[in-house]
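Before any comments, here is the structure.
The values are calculated or read from the model by the stated rules, or taken from the named source; none is laboratory data. Since the model is a prediction, treat every value here as computed from it, not as a measurement. As a convention, Cβ positions derive from the backbone with ideal geometry for all residues, glycine included, and neighbour counts pool all protein chains shown. Protein only, heavy atoms only, side chains kept; ligands, DNA and RNA dropped before computing areas. Shrake-Rupley method; radii C 1.70, N 1.55, O 1.52, S 1.80 Å.
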Amino acid sequence: MDVERVGERTPRWGLGDAAVGLLVGWLATALVVAVWAGSGGTNADNPSLGALAVGEAALWVGLLGAPLVASRRKGSGDLAADFGFSFRWTDAFVGLPIGVVCQLLLVPLIYLPLQQFISKHDLEEPVRRVTDSAHGAGFIILTIVVVVGAPVVEELFFRGLVLRSLQRRFGDTWAVVGSAVIFGLAHFEPLQLPALVALGVILGVMAVSTKRLGPSIFVHAGFNLVTMVALAVSR
């Protein structure tokens, strides 16, 4: 597959579009959370579910907006052609089990040498900080956002726009590694960085090997689902 071409013309989108998307998402998040905090009295240590919701929606303005705009203005206008955003009925059967295995086996193996320095509670703290403010229907809605919304938006951005931009310039290997590192750093969670980068590598390999985002989206969903189920059981 010639990743430089969509039909008969070279797409003009690239890393600059991804950088703008990240910047817009971060700035939008900071702005709406600040406004929400000023009007509702929430705080950074114990954010309300509303603050979390508007913050995530603002972030998606950049992460989802960047590939949509890039495809429309600089590509074919087709997300499947530009970024591999397509699905097959087998994707769930392949992707979900891989995501579950990554969460249950890969993550513990990564932190095994560090278990004297990093506890399980420390690793779960960012997610607990989010889920502690959600109860009942709120927790269900948050689970849908984490298990369905986040995988779709993040895969379209990181394994679609970012990976394919890197792929055109540096080839498959550096595209997988580079997109994984950017994916990990973009979460701003230092303790979780090794696991996020490792997950990003697996997601990148899935995207490159299948030339589609369907499998990686379901791997991502399975990975997040395990976390939400574990937190629901422990509540």
Report yes if some residue within the range 130-139 is open to solvent by less than 40 Å² (accessible area, probe 1.4 Å) and under 18 Å from the mean Cα position of the chain (by Cα); otherwise report no. yes
Filter the range 56-90 down to residues that are over 19 Å from the mean Cα position of the chain (by Cα), closer than 16 Å to Ser165 by Cβ, assigned to a loop (DSSP other than H, G, I, E, B) and not polar (S, T, N, Q), then give me how many there are. 1
Exclusive hit being closer than 19 Å to Leu23 by Cβ, open to solvent by less than 60 Å² (accessible area, probe 1.4 Å) and of a type in the set (Val, Ile, Thr), set Val100, Val162: Val162
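Looking at the range 142-150, is at least one residue at pLDDT below 80, surrounded by 13 or more Cβ atoms within 10 Å (Cβ to Cβ) and either out of contact with any strand residue (DSSP E or B) (no Cβ under 7 Å at 6 or more places or on another chain) or closer than 27 Å to Val61 by Cα (or both)?
Taking every residue of the range 142-150 in turn, none turns out to be at pLDDT below 80, surrounded by 13 or more Cβ atoms within 10 Å (Cβ to Cβ) and either out of contact with any strand residue (DSSP E or B) (no Cβ under 7 Å at 6 or more places or on another chain) or closer than 27 Å to Val61 by Cα (or both).
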Leu63: among the aliphatic types (A, V, I, L, M), touching a Gly at 6+ places or on another chain (Cβ under 6 Å), surrounded by 15 or more Cβ atoms within 10 Å (Cβ to Cβ) and within 16 Å of Gly222 (Cα to Cα), yes or no? no
In the list Leu114, Leu185, which residue meets the criterion of being surrounded by fewer than 20 Cβ atoms within 10 Å (Cβ to Cβ), at negative phi and either at pLDDT below 95 or touching a strand residue (DSSP E or B) at 6+ places or on another chain (Cβ under 9 Å) (or both)? Leu114
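Go through the range 70-95 and give me each residue that's surrounded by fewer than 18 Cβ atoms within 10 Å (Cβ to Cβ) and more than 18 Å from Phe157 (Cβ to Cβ).
Listed by number, the residues that qualify are Arg88, Trp89, Thr90, Ala92, Phe93, Val94.
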Exactly one condition in (1) of a type in the set (Val, Ile, Thr); (2) free of Cβ contacts under 8 Å to residues at least 40 places away in the same chain; (3) over 25 Å from Asp82 (Cβ atoms) is not met by Val205; state its number. (3)
Can you tell me how many residues in the range 120-141 are closer than 18 Å to Gln192 by Cβ and modelled with pLDDT of 75 or more? 1
